[in-house]
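J.: Below: one structure in structure tokens.
Read-outs: derived from the displayed coordinates by stated rules, not from any lab. Source: prediction; values computed, not measured. Using ideal geometry, Cβ is built from the backbone for each residue, glycine included, and neighbour counts are taken over all protein chains shown.
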Amino acid sequence: MHQKPINTGWIEVICGGMFSGKTEELLRRIRRAKIAKLSTIIFKPKIDTRYSNNKIVSHNKNSMDSINITKTKDLFNLGQEYDVVGIDEAQFFDNDLIESCKKLANEKTRVIVAGLVSDYKGLPFGPMPHIMCESDYLDKLTAICIKCGLDASFTQRITEQTQQVVIGETEFYEARCRKCFEPPKK
């Protein structure tokens with residue numbers, strides 16, 4: 001894959017459970033694009049305030065400046081002047097994410113999307129299933145199961161909250177493999 005789209009753009013998706021390195025991989029790809037002297041911009045949903053309001057930050061504390069977005073449709077308007085657009089925590093955006101990413105890719109932009117593939121119940125999360133289907137390149141990362149050490153694809157909530165979105169990290173969630181994952185009882 002080339003760093004800069006020549007005749008057309010494309011959509012790359014980095015997905016997986018929590019603690020699988022999605023944001024770290026997004027940051028790596030953006031750093032490489034900057035080394036290649038491409039113009040870059042990164043977006044994150046306004047709801048993600050875990051580490052910083054104006055940066056995306058990995059669990060390893062690596063970070064880059066980002067733009068907070070409340071309206072998904074703003075992605076296209078703000079991103080169309082850049083060679084590479086990064087989007088973190090994509091599961092928190094609405095389904096307008098798919099059209100915005102497609103429009104950017106059609107305008108010769110490389111779009112890199114990172115997000116959770118499923119929620120704490122193990123169900124598809126937000127627009128992620130649709131953007132995964134639309135992607136030209138798809139990487140599903142795994143973490144390490146906190147219980148047994150196998151590859152972990154699931155995010156286990158370890159608190160009693162029942163709403164789909166609870167912002168947090170190790171105080172609320174663990175990485176689990178299929179065998180150790182315990183979906184909440186109905």
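J.: Would you mind classifying region 27-146 by shape? Square roots of the alpha carbon gyration tensor eigenvalues, ordered a ≥ b ≥ c; an a/c under 1.5 is rounded, otherwise it is prolate if a/b is larger than b/c and oblate if not.
T.: rounded
J.: What FRET efficiency would be calculated for the residue pair Arg28, Cys133, taking the C-beta separation as r and a Förster radius of 22 Å, to the nearest 0.05?
T.: Given R0 = 22 Å and the Cβ-Cβ separation, E is 0.35.
J.: Rounding to the nearest 10 and keeping the result within 0 to 90°, find how far the Cα-based axis of helix 22-35 lies from the longest principal axis of the chain.
T.: 20
J.: Please list, by residue number, every one of the chymotrypsin sites (Phe, Trp or Tyr not before Pro) in region 31-117 that is coil in DSSP and has at most 12 other beta-carbon atoms within 10 Å. Could you put the intermediate results ahead of the total?
T.: Numbers: sites: Phe43, Tyr51, Phe76, Tyr82, Phe92, Phe93; in loops: Tyr51, Tyr82, Phe93.
Passing sites in region 31-117 do not exist.
J.: Here's something else I'd like to know. As an exercise, use a Förster radius of 30 Å and the Cβ-Cβ distance of Lys71 and Ile35 to find the FRET efficiency, rounded to the nearest 0.05. Could the numbers behind the result be given before it?
T.: Working: r = 31 Å, r/R0 = 1.05.
Between Lys71 and Ile35 the formula returns 0.45.
J.: Once both labels are modelled 7 Å past Cα along the beta-carbon direction, what's the Phe172-Lys55 spacing in nm?
T.: Placing both labels 7 Å along Cα→Cβ, they lie 2.1 nm apart.
J.: Going down the list Lys55/Lys147; Lys71/Lys108; Lys147/Lys185; Lys34/Lys108; Lys108/Lys140, which pairs span over 26 Å between their C-alpha atoms? Mind showing how you got there, number by number?
T.: Numbers: Lys55/Lys147 31 Å; Lys71/Lys108 22 Å; Lys147/Lys185 20 Å; Lys34/Lys108 17 Å; Lys108/Lys140 24 Å.
Long pairs (Cα-Cα over 26 Å): Lys55/Lys147.
J.: Just add up the charged neighbours of Ser100: K/R +1, D/E -1, any other residue whose Cβ is under 12 Å from the Cβ of Ser100.
T.: In short, -2.
J.: What does the helix-only formula give at 222 nm for the chain: each DSSP H stretch with n ≥ 4 adding -39500 (n - 2.57), the total divided by the residues, and the result rounded to the nearest 500 deg cm²/dmol?
T.: Numbers: 4 runs with 38 residues, N = 186.
Result for the chain, helices only: -6000 deg cm²/dmol.
J.: Using the Cα centre of the chain as the reference point, and only Cβ charges (+1 on K/R, -1 on D/E), how large is the resulting charge dipole? Debye, rounded to the nearest 20.
T.: For the chain, the charge dipole is close to 300 debye.
J.: Subtract the Cα-Cα distance of Gln164 and Asn7 from 0.36 nm times their separation in residues, and report this length gain in nm to one decimal.
T.: Working: separation 157, 0.36 × 157 = 56.52 nm, distance 3.98 nm.
Computed gain between Gln164 and Asn7 is 52.5 nm.
J.: For the chain, take the longest principal axis of its alpha carbons; what is the angle in degrees between that and the long axis of helix 96-106, to the nearest 10 within 0 to 90?
T.: Between helix and principal axis, roughly 40 degrees.
J.: Among Gly17, Ile41, Gly122, whose Cα sits farthest toward the positive end of the charge dipole of the chain (+1 at Cβ of Lys/Arg, -1 at Cβ of Asp/Glu, about the Cα centre)?
T.: Toward the positive end, the furthest listed residue is Gly17.
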